[in-house]
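Participant: Input: one structure, supplied below.
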Amino acid sequence: MRRPNIDTERLTRHFRDMCRVRAFEEAALKALAEGLVPGPLHPSIGQEACASGVCANLECDDLLLSTHRGHGHTLAKGADPEAMMRELLGRAGGCCGGKGGSMHIADFGVGMLGANGVVGANIEIAAGAAHAVKLLGDGRIVTCIFGDGAVNRGPFLEGLNWARIFDLPVLFVCEDNTFAATTRTAAVTAGPGPAARAESLGISPVGVDGNDVLAVDEAVRDLVQAIRAGGGPRFLHVKTYRLTGHTATDAAPYRTTEEVDAQWALDPIARCGAELEAAGITAETLDAIRTAAANEMDAALEAAKAAPWPDLSLAFTDVQDIGAPVPAGPGPLAGIEHVRASTPPIAPGGTA
Amino acid sequence: MTTMTYLEAGKAALAEEMRGNPRVWALGEDLGRGGVFGQYRGLAEEFGAERIVDAPISEAAIMGCAVGAALAGTRPVVEMRFSDFALCAVDELVNQAAKARYMFGGQSKVPLVAREPVGMWRSSAAQHSQSLESWYTHIPGLVVVMPSTPADNKGLLKSAIRCDDPVVYMEHKDLWGLEGEVPGGDEHLVPLGAARVALEGSDVTIVTWSKTVHAALDAARSLAQSGIAAEVIDLRTLWPWDTETVYASVWKTGRLVVAHEAVTVSGFGAEIAASVGEECFGGLRAPIRRLGSPRAQIAYAPPLEDVLRVDAAAIADAAAALIR
């Protein structure tokens with residue numbers, strides 16, 4: 001693949017960002033194999049171009065909503081990998097305090113308003129965030145990344161309809177990795193697919209090869225520009241392929257090795273590297289980027305491993321302001337099995 | 001003090017909070033034309049279509065949108081039209097609004113109010129009449145409020161809007177026209193979690209909420225004629241509920257009747273009865289009684305609907321039976 005006049009600096013940045021996502025997930029899988037990740041992991045290996053191509057066009061205070069397969073999006077939006085790794089291991093200092101794990105990874109400090117464990121639920125939440133942004137008139141935009149499985153849930157219809165009728169500043173990205181959990185999405189989806197459904201709701205769709213990071217980047221750049229100019233919602237269909245199973249422990253027997261091998265040949269990171277080499281970037285430079293990413297994520301993992309469990313009292317914080325639980329008994333957690341509510345009348349007090 | 005209806009009091013609360021805070025806005029079906037019961041009438045004229053938002057019939061999107069809007073820095077007030085329709089938005093309320101703060105480790109709160117009109121409203125039948133408050137009391141993260149008077153509908157709704165937690169705010173449809181004295185001014189705030197002793201008495205405690213408060217007061221008046229002094233506690237907030245006021249009353253009277261319009265089985269009366277059993281056992285002089293609807297769907301024909309309703313006579317009979 002050889003394109004004229006490519007911006008090698010920008011493409012190199014994508015290469016680095018994708019390598020970081022890949023290295024993060026490889027480190028996380030290593031930790032899982034060592035029994036250090038207590039919950040499920042949904043890897044996005046093979047889908048890194050979507051994360052990098054989308055987030056390269058977002059400002060830090062732009063808002064992003066993601067899915068249960070959201071490590072890449074979160075990292076590309078600017079979250080700290082060590083805090084993320086601590087979260088995956090359920091340790092103190094995790095970006096959600098060890099209370100959410102991989103499926104609920106979030107970093108509000110970089111505008112990442114959360115991965116969501118309920119498929120499609122983030123679509124309406126994104127529309128609402130965009131509604132607030134428009135109401136506040138602060139110039140931010142919202143991006144919502146969801147999978148191809150989400151188009152069969154009601155929130156896809158309701159959320160896109162909402163964004164269109166209120167002309168909201170939101171980019172919908174359907175990261176189509178071919179599978180809805182462990183079922184081929186095409187087998188359970190009527191009609192011509194996500195783009196046609198968006199079109200039917202008055203949102204012109206753009207389709208892109210999701211393993212070509214530059215193509216994703218350029219498509220998103222144009223769409224984001226249109227949204228920032230007040231053009232209302234936009235829709236991008238990113239066609240890619242999930243190289244791992246649904247979860248890290250899913251051996252994916254529902255597809256052949258030949259099929260997966262053929263898809264590995266389209267690995268977005270390898271493609272990006274080949275294009276950079278063709279444009280004159282040396283193999284040594286690319287190797288150094290890969291190694292730096294691997295070292296960074298290994299260090300994040302080592303730091304997470306060394307971190308303690310969260311303080312047990314955290315189980316009872318962030319529940320709610322009024323009527324939150326308190327552990328009964330004399331010590332901080334004595335009689336934890338007899339947790340009961342504290343119900344003193346509390347005067348209301350808003351903060352915002 | 002001004003005399004106004006329960007409906008007008010709710011509207012006044014929202015209007016005052018919207019005037020005081022530009023981040024407060026409302027969204028729901030038909031709001032631009034005043035809402036299905038007229039509880040938003042005139043607000044679109046004052047605040048514009050950007051802040052009194054006419055939504056499509058998409059309950060899930062209305063609630064989901066409110067979650068996102070709360071996370072992004074505003075304070076949405078959601079209108080669900082009938083609490084029955086809010087069941088279309090349970091994922092958005094239970095899995096999203098109630099959990100976002102916790103599962104993201106406290107990075108954001110979710111200050112939204114979900115107004116969900118409840119209760120039997122003549123011949124509205126099975127899908128427009130339910131009282132499902134106990135469902136929401138079971139969900140960590142939610143506050144559940146059920147006002148019974150115009151004054152409380154103003155003061156509790158204002159508090160709910162200022163609260164940083166997601167609040168399920170259940171007005172009773174049969175109370176819209178109820179008139180009462182309502183304190184004027186911006187600072188009439190009724191604290192969430194504080195019950196109201198609607199009537200003092202020493203012989204039996206009747207704990208109730210929402211429209212059933214009025215049946216309980218009627219019952220207390222008829223009990224008084226037989227020389228029985230009932231104490232009526234209007235719980236006002238179901239989560240958190242005011243254990244202190246309820247326990248103190250039960251220690252005083254030694255007898256407890258809990259009365260609500262919802263189905264008795266797994267109704268919130270069960271939680272109150274169990275808690276009183278645990279905490280006030282030594283003070284009880286009679287078994288605890290729970291009164292609620294039979295575990296049946298709510299019927300359309302007026303006489304069929306009426307046999308499902310907990311009325312003043314049933315409450316008075318139950319209370320009197322504890323004393324004999």
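The values are calculated or read from the model by the stated rules, or taken from the named source; none is laboratory data. Note that this is a predicted model, so its numbers are computed, not measured. When we count neighbours, we look across all protein chains shown, and the Cβ atoms used for this are built from the backbone with ideal geometry, even at glycine. The accessibility values were calculated without ligands, DNA or RNA, using every heavy atom of the protein model including side chains. Shrake-Rupley method; radii C 1.70, N 1.55, O 1.52, S 1.80 Å.
Participant: Could you please find all residues in region A:109-134 being open to solvent by 30 Å² or more (accessible area, probe 1.4 Å) and more than 9 Å from chain B (Cβ to nearest Cβ)?
Facilitator: Correct list: A:119 only.
Participant: Sticking with this one: Against the definition (modelled with pLDDT under 95 and either open to solvent by 10 Å² or more (accessible area, probe 1.4 Å) or touching a helix residue (DSSP H, G or I) at 6+ places or on another chain (Cβ under 6 Å) (or both)), how does residue B:214 come out, yes or no?
Facilitator: Details: modelled with pLDDT under 95: no; either open to solvent by 10 Å² or more (accessible area, probe 1.4 Å) or touching a helix residue (DSSP H, G or I) at 6+ places or on another chain (Cβ under 6 Å) (or both): yes.
Against the criterion (modelled with pLDDT under 95 and either open to solvent by 10 Å² or more (accessible area, probe 1.4 Å) or touching a helix residue (DSSP H, G or I) at 6+ places or on another chain (Cβ under 6 Å) (or both)), residue B:214 does not qualify.
Participant: Exactly one condition in (1) touching a strand residue (DSSP E or B) at 6+ places or on another chain (Cβ under 6 Å); (2) open to solvent by less than 10 Å² (accessible area, probe 1.4 Å); (3) not assigned by TED's automatic domain parsing to the domain that holds residue B:132 is not met by residue B:254; state its number.
Facilitator: Going through (1) touching a strand residue (DSSP E or B) at 6+ places or on another chain (Cβ under 6 Å); (2) open to solvent by less than 10 Å² (accessible area, probe 1.4 Å); (3) not assigned by TED's automatic domain parsing to the domain that holds residue B:132 one by one, residue B:254 breaks only (1).
Participant: Also, quick follow-up: Which residue, of B:116, B:46, is open to solvent by 30 Å² or more (accessible area, probe 1.4 Å), outside the structural domain of residue B:308 (by TED's automatic domain parsing), more than 24 Å from residue A:201 (Cβ to Cβ) and in contact with a strand residue (DSSP E or B) (Cβ under 9 Å, 6 or more places away or on another chain)?
Facilitator: So the residue among B:116, B:46 that is open to solvent by 30 Å² or more (accessible area, probe 1.4 Å), outside the structural domain of residue B:308 (by TED's automatic domain parsing), more than 24 Å from residue A:201 (Cβ to Cβ) and in contact with a strand residue (DSSP E or B) (Cβ under 9 Å, 6 or more places away or on another chain) is B:46.
Participant: With the requirement that a residue be assigned to a helix (DSSP H, G or I) and of a type in the set (Val, Ile, Thr), what does region A:222-248 give you?
Facilitator: First, the residues of region A:222-248 that are assigned to a helix (DSSP H, G or I): A:222-228.
Of everything in region A:222-248, those that are assigned to a helix (DSSP H, G or I) and of a type in the set (Val, Ile, Thr) turn out to be A:224, A:227.
Participant: Of everything in region A:55-103, what is charged (D, E, K, R), closer than 21 Å to residue A:299 by Cα and either open to solvent by 10 Å² or more (accessible area, probe 1.4 Å) or in contact with an Asp or Glu (Cβ under 6 Å, 6 or more places away or on another chain) (or both)? Give them in sequence order.
Facilitator: Listed by number, the residues that qualify are A:77, A:80, A:82, A:86, A:91.
Participant: Mind checking which residues of region B:34-56 are within 9 Å of chain A (Cβ to nearest Cβ) and in a helix (DSSP H, G or I)?
Facilitator: Scanning region B:34-56 gives no hits.
Participant: Return yes or no: is residue A:251 in a loop (DSSP other than H, G, I, E, B) and among the small types (Gly, Ala, Ser)?
Facilitator: yes
Participant: Given the conditions (1) surrounded by fewer than 24 Cβ atoms within 10 Å (Cβ to Cβ); (2) more than 8 Å from every other protein chain (Cβ to nearest Cβ); (3) in contact (Cβ under 8 Å) with a residue 40 or more places away in the chain, report the number of the one that residue B:78 does not fulfil.
Facilitator: (1)
Participant: Scan B:106, B:64, B:68 and give me the residue that is assigned to a loop (DSSP other than H, G, I, E, B) and either over 19 Å from residue B:211 (Cβ atoms) or within 14 Å of chain A (Cβ to nearest Cβ) (or both).
Facilitator: On inspection, the qualifying residue turns out to be B:106.
Participant: Of everything in region B:266-324, what is open to solvent by 20 Å² or more (accessible area, probe 1.4 Å) and acidic (Asp, Glu)? Give them in sequence order.
Facilitator: B:271, B:278, B:279, B:306, B:311, B:317
Participant: Find the strands (runs of 3 or more DSSP E) located wholly in region B:159-208 whose residues include 1 or more that are within 13 Å of another protein chain (Cβ to nearest Cβ), and list them.
Facilitator: B:167-169, B:196-199
Participant: I'd like the residue in region A:255-284 that is surrounded by 14 or more Cβ atoms within 10 Å (Cβ to Cβ) and outside any helix (DSSP H, G or I) and, out of all such residues, is nearest to the chain's Cα centre (by Cα).
Facilitator: In this case the residue turns out to be A:267.
Participant: Restricting the search to region B:88-109, which residues are touching a residue at least 12 places away in the same chain (Cβ under 8 Å) and among the aliphatic types (A, V, I, L, M)?
Facilitator: B:89, B:93, B:94, B:97, B:98, B:100
Participant: If a residue must be within 20 Å of residue B:88 (Cβ to Cβ), away from every other protein chain (no Cβ under 11 Å) and not in a loop (DSSP other than H, G, I, E, B), how many such residues does region B:126-158 contain?
Facilitator: Qualifying residue count, region B:126-158: 4.
Participant: Answer yes or no as to whether residue A:83 is of a type in the set (Gly, Ala, Ser), assigned by TED's automatic domain parsing to the domain that holds residue A:175, closer than 20 Å to residue B:76 by Cα and touching a strand residue (DSSP E or B) at 6+ places or on another chain (Cβ under 9 Å).
Facilitator: No, not satisfied.
Participant: Please name all residue pairs, on different chains or six or more residues apart, with Cβ atoms under 6 Å, provided the first residue is in region B:238-266 and is under 21 Å from residue B:132 (Cα atoms) and the second residue is of a type in the set (Asp, Glu) and in a helix (DSSP H, G or I).
Facilitator: Partner pairs satisfying both residue conditions: B:238/B:133.
Participant: Shifting gears a bit: Which condition number does residue B:31 fail, the rest of (1) within 13 Å of another protein chain (Cβ to nearest Cβ); (2) open to solvent by less than 10 Å² (accessible area, probe 1.4 Å); (3) of a type in the set (A, V, I, L, M, F, W, C) being met?
Facilitator: For residue B:31, the failing item is (1).
Participant: Identify all residues within region B:271-293 that are part of a helix (DSSP H, G or I) and free of Cβ contacts under 8 Å to residues at least 40 places away in the same chain; write none if there are none.
Facilitator: Of everything in region B:271-293, those that are part of a helix (DSSP H, G or I) and free of Cβ contacts under 8 Å to residues at least 40 places away in the same chain turn out to be B:273, B:274, B:275, B:276, B:277, B:278, B:279, B:281, B:282, B:283.
Participant: Scan A:193, A:154 and give me the residue that is at positive phi, over 20 Å from the mean Cα position of the chain (by Cα) and in contact (Cβ under 8 Å) with a residue 12 or more places away in the chain.
Facilitator: One residue alone meets the criteria, A:193.
Participant: Still on this model: Take region B:53-74 and flag every residue that is in contact (Cβ under 8 Å) with a residue 40 or more places away in the chain and open to solvent by less than 10 Å² (accessible area, probe 1.4 Å).
Facilitator: Answer for region B:53-74, where residues must be in contact (Cβ under 8 Å) with a residue 40 or more places away in the chain and open to solvent by less than 10 Å² (accessible area, probe 1.4 Å): B:63, B:66, B:67, B:69, B:70, B:74.
Participant: Kindly indicate whether any position in region B:84-93 is of a type in the set (Asp, Glu) and either more than 7 Å from every other protein chain (Cβ to nearest Cβ) or surrounded by fewer than 22 Cβ atoms within 10 Å (Cβ to Cβ) (or both). Write out each step before concluding.
Facilitator: So the first thing to find is which residues in region B:84-93 are of a type in the set (Asp, Glu), and the list is B:84, B:91-92.
Applying the additional criterion that residues be either more than 7 Å from every other protein chain (Cβ to nearest Cβ) or surrounded by fewer than 22 Cβ atoms within 10 Å (Cβ to Cβ) (or both) yields B:84, B:91.
Yes, the conditions are met somewhere in region B:84-93.
Participant: Pull up region B:126-148, narrow it to residues that are polar (S, T, N, Q) and within 17 Å of residue B:309 (Cβ to Cβ), then point me to the one that is surrounded by the fewest Cβ atoms within 10 Å (Cβ to Cβ).
Facilitator: Result: B:130.
Participant: Working only within region A:190-214, note down all residues that are over 24 Å from residue A:180 (Cα atoms) and among the hydrophobic types (A, V, I, L, M, F, W, C).
Facilitator: A:214, the sole residue that qualifies.
Participant: While we're looking at this one, here's another question. Return yes when residue B:123 is open to solvent by 20 Å² or more (accessible area, probe 1.4 Å), on the phi > 0 side of the Ramachandran plot, away from chain A (no Cβ under 14 Å) and among the hydroxyl-bearing types (Ser, Thr, Tyr) and no when it is not.
Facilitator: So residue B:123 fits the description; yes.
Participant: Mind telling me which of the residues A:106, A:31 ends up being in the same structural domain as residue A:171 (by TED's automatic domain parsing), of a type outside the set (S, T, N, Q) and crowded, with 24+ Cβ neighbours inside 10 Å?
Facilitator: A:106
Participant: For region B:176-189, how many residues meet the condition of being open to solvent by 10 Å² or more (accessible area, probe 1.4 Å) and touching a residue at least 40 places away in the same chain (Cβ under 8 Å)?
Facilitator: Residues in region B:176-189 being open to solvent by 10 Å² or more (accessible area, probe 1.4 Å) and touching a residue at least 40 places away in the same chain (Cβ under 8 Å): 9 in total.
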